[in-house]
Structure formats: structure tokens, C-alpha cells
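The next block holds one structure in the form of C-alpha cells; read it before the comments.
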Amino acid sequence: PRYRPDWASLDARPLPAWFDQAKVGVFVHWGVFSVPAWGSEWFWWHWQGEHRADYERFVQRRYPPDTTYADFAPRFTAHDFQPRAWAQLFQRAGARYVVLTTKHHEGFTNWGSPVSWNWNSLDTGPHRDLVGELGEALRESNIRYGLYHSLLEWFNPLYLADKESGFKTQDFVLKKTMPELYDLVLKYKPDLIWSDGDWEAPESYWNSTSFLAWLYNDSPVKDTVVVNDRWCNNCSCQHGGYYNCADKYKPGTLPPHKWEMCSSIDKLSWGYRSNMDITELMDEASIIEELVQTVSFGGNYLLNVGPTKEGVIVPIFQERLLALGRWLDTNGEAIYESKPWRVQMENSTNTVWYTSKGPVVYAIFLIWPQDNVLELCSPTPSPATEVTMLGFAGTLKWQKSPGTGLLVTLPSVPPSPLPPQPGWTVRLEGVE
């Protein structure tokens, strides 16, 4: 069936299966904002949209008088950007898809956009097609490629004129936003489009539904492409493909619609900050906890890093990504291709989260019980029940709980000076 350019028709499109199966992705925020590398990727807006004193002081202290935001672009060099090394890192992190900012709200494009004259990565800064180079490397590593794209641009004169008209005119959409979206799809054939910058204007301004109808009906990626829900000022959690709802969204119960939680290793920013402190970063345990909660509730987990202006993913971010990958090497069977179980979490003192795959149920517990006995209240055991632990050989002994559920005797862990890993998985067969 052909999709019509209206939400009733577009929202009925089935989500391509690869997205739900993938579960784990890496988000990359990279652009001219990586040059000041201070505050956040909203640097330009805080500095010249809001005239915040701390941003004005920062520029006065560090840069020559009369510096403009455009002066940062030549310093966005990407000198050390090695797309293959990035792809290898993301693969070792266990990511099945990667989403790169092709253009943030600053309007600078990380590819040679034909409608972003002199404000793109080919004409200035790196003089490289960053979107194309990363895409090639990811595809060699068999990782799906997603493109983040902001609909709005804070200071684009065309956008500001449309805004002034109450969004009755559409010059910016027709001359900038839409040509870029079509260009990205035709040139790079993305697996995913992560739209953003939607919140100021209605769908009638953005022309989102006609773009999505073309994307689903006639584009070269019509059968595989996945999109999110940020296409107009009241689309979030309502329309589009899967739902983001809000940054760092945590639903707390199982949503009826496929969703994704985006989170950032740097808790204060998505873009790189040169002055970040270790206490402001997520540690391995909190990353694993977010991942497990998200997947139990049927979501995908998209974890963000911000590279430096030279294109380096700093070692502390690499370390966090590799820790996630090591955990997934052991426990990935309970994550990838899994489905939510009838119960998502135990309400007991132990933090236990469930996923399932066909008849198999996985119980992921984040705290090792002191007496080495894991109490699972929700599964109903049968005489055929078999319990194993991912990463350990052999079966585990279990008995029926006095109440409901079962008690699993875990392998005794020898005392070790190293902190234990953040989370383990028990695999249950033959339970209801």
C-alpha cells in the first residue's frame, strides 16, 4: 500500500524489525560547537541568543575581540578523525547502530550540503565529508547508520523571517530543510533518521508528512528506514516511527509503542566539554542499569559521546563504551533480539529486571545477593525448570520459594579486590 501524507496513514507503517532487534546504539554529537567545547552543544544560543554572562565572559577571555561564532568553523579541523577506528570502537561497545549529527541547531552541515554555502564541512573546517566517511566505515563493520538532523536553525535569516510571519511563510523549509533531508537520503541511504529541532512550528510548516510519505513510498530506503517522533511541535510521543518522547526519557512502565532512550556519558552535555570532571560522567554501573531498565521496558538504548574538534573520542568515553561492550559480550543474549516479559521488574529489595526470548526468560540482577541466593518471585517454576547463568558453565541449583517463585543458588564468587561487574543474568527455561 502507498502511504498518504497524513499521520493516520504514516503511523500505520510497521516499524522495520531490525530496529527493535538492535537494542543498543551509539549517538555522536559533533560540530562547530566542539570548538569552544564549553557549556554544551547549545553554546551559540546561550552566548548570542540569550546573551548569558558566563558565555560572554568565556569568549572574551579566550578569543580575540569581535570573534563571531562563524570564526570557530576553521578550527573544527577533524585532523585526528579516523572513521575506521570509530567504527571498531562502536563495534566493540556492542552497538548495532550509530547516529551522527549531520546538522545541529547551529546549521553547520557535516557534509557538503548544496544549500549550506560555506557553512559545511567541505567548504570550511575539516574540508572532508564527515557523514560519508563515517557511513562507509560503519557499513564495513556491519553497523546500521542513523543520521541526526535538526529541522530548525537558530540564526538562519530565512528561518527567522518564517518565524516572524507566525510560520505562514515556508522559505526556510523549501530552500534549506527539505532539500537537505532529501539530499541526505539520496546520498547516504541512512537506516535511520533522527529528527530534532521540531518544537517551534506545526507540521503544516515543516512539510514533515509529505517528506515521510516520499521516504516510505519512493525513497531508496523505503523498506528499511526507521524514523523517530520529532517532526512537529506536537508530534513527540504521538506520531512518526518509534518514540523518543523526551531526552533521557524513562517511562517507569511498559509503553505500548516502540521507544528509545537517549542518554549521554557526560551528564551535563551532549557535545564535548574540555572542562568536564569525572564526577559529571556516568559510571559503568549506571550505564548498565539504564540499558537493562530500558530494554526490559521494550526500549532501545542510545548512548552518546561527544568527540573533540580534532575528531578524538577521549579515552574516558572509550573506556565507558568498552566496559559496556564487555558486559554485553557476556550478557548480550538477554538484550539483543529480546522482548519484554509479562513482568518487567521485581518489586523486591533486589533489583531484578526481566527480558525474554521465545520460551526462555532472563532475570538480570544488578546487586549480588549477600547469601548467594537469588530470590525470583515472578517466574512460576515447573519440574522441567532449568536454570543457568550467562558466562558460567553448568546448571544452577534451585528450589521453589515458600511463597511464589523460586530461589536460585548462585555460584560462589571468590573474594576479589576488584569491584564486581555491574549486573549478571540468570537464564530460566521451563518457567511460566
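If you take the charge dipole of region 7-334 about its Cα centre, with +1 on Lys and Arg Cβ and -1 on Asp and Glu Cβ, which of L254, G49, V292 is farthest toward its positive end? It is V292.
Placing +1 on the Cβ of every Lys and Arg and -1 on the Cβ of every Asp and Glu, with nothing else charged, gives region 339-431 a dipole about its Cα centre of roughly 220 debye. Taking amide H as placed 1.01 Å from N in the peptide plane, G271 has its amide H under 5 Å from the amide H of E41, each at least 5 places away in sequence or on another chain.
If R0 is 22 Å, the Cβ-Cβ spacing of E310 and K187 corresponds to a FRET efficiency of close to 0.30. Above 18 Å, the calculated P(r) of region 339-431 contains 40 percent of its Cα-Cα pairs.
Taking the average, over residues, of other Cβ atoms within 10 Å as the packing measure, peptides 295-306, 67-78 rank 295-306, 67-78 from highest down. Stretched out straight at 0.36 nm per residue, the stretch from T67 to F155 would grow longer than its current Cα-Cα span by 30.1 nm.
Annotation for D6 and K267: the two label points, set 7 Å from Cα along the Cα-Cβ direction, are 4.7 nm apart.
Annotation: extensible slack from Q370 through Q82 equals 99.1 nm (criterion: 0.36 nm per residue apart, minus Cα-Cα distance).
What separates the Cα centres of region 46-75 and region 252-311 is a distance of 28 Å. When each of the peptides 167-179, 226-238 is scored by the mean number of other C-beta atoms lying within 10 Å of its residues, the order from highest to lowest reads 226-238, 167-179.
Ignoring aspartates and glutamates fewer than eight residues from K258 along the same chain, the ones with Cα atoms less than 14 angstrom from its Cα are D11, D20, D229, E337.
3J(HN,Hα) couplings calculated from phi for region 86-92 with the Karplus curve 6.51 cos²θ - 1.76 cosθ + 1.60 (θ = phi - 60°) are, in sequence order, 4, 4, 5, 4, 5, 5, 5 Hz; Gly and Pro show x. GNM remark for the chain: springs join alpha carbons under 10 Å apart, and the peak mean-square fluctuation among V32, V343, V225 falls on V343. Calculated mean residue ellipticity at 222 nm for the chain: -7000 deg cm²/dmol, from DSSP H runs with n ≥ 4 weighted as -39500 (n - 2.57), summed, divided by the residue count and rounded to 500.
Any of K339/K400; K23/K248; K103/K248; K103/K309; K23/K267; K23/K189 with alpha carbons more than 23 Å apart? Name them for me. With Cα atoms farther than 23 Å apart: K339/K400. The simple spin-label model puts a point 7 Å past each Cα toward its Cβ; for D247 and W117 those points are separated by 3.3 nm. Computed from phi, the 3J(HN,Hα) profile of region 275-284 under the Karplus parametrisation 6.51, -1.76, 1.60 (θ = phi - 60°) reads 9, 5, 10, 4, 6, 9, 10, 5, 8, 4 Hz, with x in place of Gly and Pro.
The HN-Hα couplings worked out from phi for region 424-429 by the Karplus form 6.51 cos²θ - 1.76 cosθ + 1.60 (θ = phi - 60°) are 9, 10, 9, 9, 10, 10 Hz, whole numbers, x standing for Gly and Pro.
Hydrodynamic radius of region 45-111 by the Kirkwood approach over all distinct alpha-carbon pairs: 15.0 Å. One decimal place: the segment K168-T404 gains 78.8 nm when fully extended, by the rule 0.36 nm per residue minus the C-alpha distance. Summarising the overall dimensions of the chain from its C-alpha atoms, the Rg and Dmax are 23.4, 78 angstrom.
Here the accessible area of the chain is 52 percent carbon and sulfur, with a 1.4 angstrom probe and all protein chains present. To the nearest 20 debye, what is the magnitude of the charge dipole of the chain about its Cα centre, counting +1 on the Cβ of each Lys and Arg and -1 on the Cβ of each Asp and Glu? Dipole about the Cα centre, nearest 20: 560 debye.
The values are calculated or read from the model by the stated rules, or taken from the named source; none is laboratory data. Note that this is a predicted model, so its numbers are computed, not measured. Reconstructed Cβ throughout: ideal geometry from the backbone, glycine too, with neighbour counts over all protein chains shown. Just the protein is used for accessible areas: all its heavy atoms, side chains included, with ligands, DNA and RNA removed. Shrake-Rupley method; radii C 1.70, N 1.55, O 1.52, S 1.80 Å.
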